[in-house]
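Following: one structure in structure tokens, then a few remarks.
The values are calculated or read from the model by the stated rules, or taken from the named source; none is laboratory data. Owing to the predicted nature of the structure, the values given are computational and were not obtained by experimental measurement. So basically every Cβ, Gly included, is an ideal-geometry build from the backbone, and we count neighbours across all protein chains shown. All accessible areas refer to the heavy atoms of the entire protein, side chains included, with ligands and DNA or RNA removed. Shrake-Rupley method; radii C 1.70, N 1.55, O 1.52, S 1.80 Å.
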Amino acid sequence: MSKAIETPASVSQTPAASNSASHGEITKKPTSWSNIFVGAAIQTFEVSTLGQPFEVVKTHMAANRGDSIATSLKKTYARGGVSGFYQGLIP
């Protein structure tokens, strides 16, 4: 005893393989130079501000080879507080 499944008239009966995206055709939107410039500026700002504390600690550890990471963090904080980690960011 099998029943036939009814499909609404609004549902398309075309196979999924006829979709143009399934054939590997990719369409790209045009990219404006202003978007690229803004993205590069934001990325440069993030890298320089978020990475600066790591660079300061790394440089301290290279200059004082016997210091551990914890010692370098303590000495850098004792020398300048939180702003000590951003020394050299602005000349």
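Things worth noting here:
- Of residues in region 33-72 being under 19 Å from the mean Cα position of the chain (by Cα) and of a type in the set (A, V, I, L, M), the one most open to solvent (accessible area, probe 1.4 Å): 50
- Subset of region 73-91 [surrounded by 11 or more Cβ atoms within 10 Å (Cβ to Cβ) and of a type outside the set (A, V, I, L, M, F, W, C)]: 74, 75, 76, 77, 79, 80, 84, 86, 87
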